[in-house]
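Structure first, then comments.
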Amino acid sequence: MTARCPQSLENLWLALAGEQAEEHSEHLCQYKAAGVQSNGWSIHVPSDVTGELGKMVVLPCTFTHPYKTFDRTLTAIWRIKEPYNGTVVFKCTSQSASELCKTAVSYKNKYKLFGNPRHKDLSIRIDNLTWSDSERYFCRVELSGDIHDKYESRNGIKLHLIAAPRIINITVSSNGDHTFQARCTAEGEPAPTLTWSSPHHSNLTSVTSTSHRVTKELQYLTHDGKYTCTAVNSHGRAEGAVYFYKFRASNSSFFMILIFVPLGIKVLVLLVILSLTVFSRGPSSTPTSLARPQQQDSTYENFDRRHSSNQSLPTERPTARCS
C-alpha cells in the first residue's frame with residue numbers, strides 16, 4: 001500500500017526536497033525537517049477482510065505519527081466507498097491522553113471502536129453484518145495542534161461477506177395457459193447452486209441470478225407429489241419443499257356432484273339431530289303449586305313478636321252461680 005503524507009508535512013517536505021520527497025513504500029512515509037530525519041506517518045491496514053453474514057467482524061487499522069507523545073485532541077474517522085470524500089460511518093474524539101474516545105457518529109449504531117487511538121490503534125467492530133455492509137472502508141486519524149495533521153488510508157479495506165445457503169421463497173404458481181411451475185429462490189455467498197428433485201425428472205428448468213441470490217424455476221408440472229429444492233455452496237446446504245396436487249375432473253357434472261353431495265349429506269344429518277333434540281324434550285309441565293313466599297323478617301317485627309309472646313292471653317273469669 002502506498003502511504004500518503006499529511007498535508008502540512010507533505011508541503012514542507014516538497015518545499016525542501018522537491019517532488020521526489022514522498023517515499024513510495026508499502027507502509028511508511030518519511031519526511032525531513034531541519035536536517036533531522038524522523039520516522040513519520042504510516043497506516044497499516046489489510047487489503048481484504050472476510051466476515052460472516054449476521055455475525056460481527058473487526059476491521060484492523062494501526063498508524064504511526066512523528067511525535068514522541070501527543071496529548072491534544074485526536075479524532076478517529078472511518079469512511080466507506082471512497083477515501084477523503086466517502087460517507088462517514090464512524091467517528092470518535094478524544095480531547096486528551098487520559099480521556100477515552102467518545103463516539104460522535106455510529107451509523108445505525110452498529111459500528112464500535114475496538115482499538116485505542118491513543119495507542120495508535122483505530123480498529124473498529126461491525127455488528128450484525130448485512131449484505132449492505134460489503135463495502136470498502138477507509139480509516140483516518142486527525143491530530144489537532146499548531147498544525148492540524150490529517151492522515152488517511154488510500155486503498156482501504158475491502159469487506160467480503162460469506163453466508164451459508166438460505167431458501168427465502170418456494171412456491172407453485174399457474175400461468176394463464178393453465179400450466180404450473182415451481183419456483184425456488186435462495187441466497188448465500190458464494191451464490192448457491194439450486195437443484196430440484198421431483199416425481200418426474202424430465203421437467204424443464206430456468207435459472208436467474210443477481211449477486212448473492214439465485215432463482216430456479218421448474219416448468220410444466222404434470223405429476224402430483226413433493227417437489228424439493230436444494231441449495232448448496234461451500235459453506236453449507238439448505239432444503240425446502242412444496243407439495244403439488246392437480247385436480248382432474250372428467251366433466252363439469254362430476255365436479256358439481258363431488259362438491260354438493262357431501263354438503264347435502266351434512267345438512268341432512270344436521271336436520272335429523274335438531275329434530276331428535278326437540279322431540280326428546282317433550283311438552284313442558286306447569287308447576288302444580290307455588291312456593292309460599294317467606295315473610296320478610298325485620299328487627300322491628302321480631303321485637304313485636306317477643307313483646308307480644310310475653311303477654312299472657314286473657315282468661316275467662318268463672319261466672320258466679322247462685323244457688
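For the range 212-230, a tally of residues being in contact (Cβ under 8 Å) with a residue 60 or more places away in the chain and assigned to a loop (DSSP other than H, G, I, E, B) returns 1. Out of the residues in the range 169-189 that are loosely packed, with under 15 Cβ neighbours inside 10 Å and among the small types (Gly, Ala, Ser), state the one that is farthest from GLY236 (Cα to Cα). Only one residue tops the list, namely GLY176. The single condition from (1) out of contact with any helix residue (DSSP H, G or I) (no Cβ under 8 Å at 6 or more places or on another chain); (2) at pLDDT below 85 that GLY225 fails is (2).
For the range 149-157, the condition of being over 30 Å from THR87 (Cβ atoms), more than 32 Å from the chain's Cα centre (by Cα) and surrounded by fewer than 18 Cβ atoms within 10 Å (Cβ to Cβ) holds for none of the residues.
Residues in the range 200-211 that are outside any strand (DSSP E or B), in contact with a Phe, Trp or Tyr (Cβ under 9 Å, 6 or more places away or on another chain) and open to solvent by 60 Å² or more (accessible area, probe 1.4 Å): LEU204, SER211. Strands (runs of 3 or more DSSP E) wholly in the range 58-108 with at least 2 residues that are open to solvent by 70 Å² or more (accessible area, probe 1.4 Å) - which ones? Because the criterion is at least 2 residues that are open to solvent by 70 Å² or more (accessible area, probe 1.4 Å), the strands (runs of 3 or more DSSP E) in the range 58-108 that meet it are 87-94, 102-106.
Within the range 122-148, being part of a strand (DSSP E or B) and either free of Cβ contacts under 8 Å to residues at least 12 places away in the same chain or surrounded by fewer than 16 Cβ atoms within 10 Å (Cβ to Cβ) (or both) holds for one residue alone: ARG125.
Quickly run through the range 231-260 and pick out the residues that are at pLDDT 80 or above and either open to solvent by less than 100 Å² (accessible area, probe 1.4 Å) or in a helix (DSSP H, G or I) (or both).
ALA231, VAL232, ASN233, SER234, HIS235, GLY236, ALA238, GLY240, ALA241, VAL242, PHE244
Got at least one residue in the range 182-198 being in contact with a helix residue (DSSP H, G or I) (Cβ under 7 Å, 6 or more places away or on another chain) and not in a loop (DSSP other than H, G, I, E, B)? No, the range 182-198 contains no residue that is in contact with a helix residue (DSSP H, G or I) (Cβ under 7 Å, 6 or more places away or on another chain) and not in a loop (DSSP other than H, G, I, E, B).
The values are calculated or read from the model by the stated rules, or taken from the named source; none is laboratory data. What you see is a predicted model; the values in this text were computed from it and never measured. Cβ coordinates were reconstructed from backbone atoms using ideal geometry, including for glycine residues, and neighbour counts include every protein chain displayed. Only protein heavy atoms, including side chains, enter the accessible area calculation; ligands, DNA and RNA are left aside. Shrake-Rupley method; radii C 1.70, N 1.55, O 1.52, S 1.80 Å.
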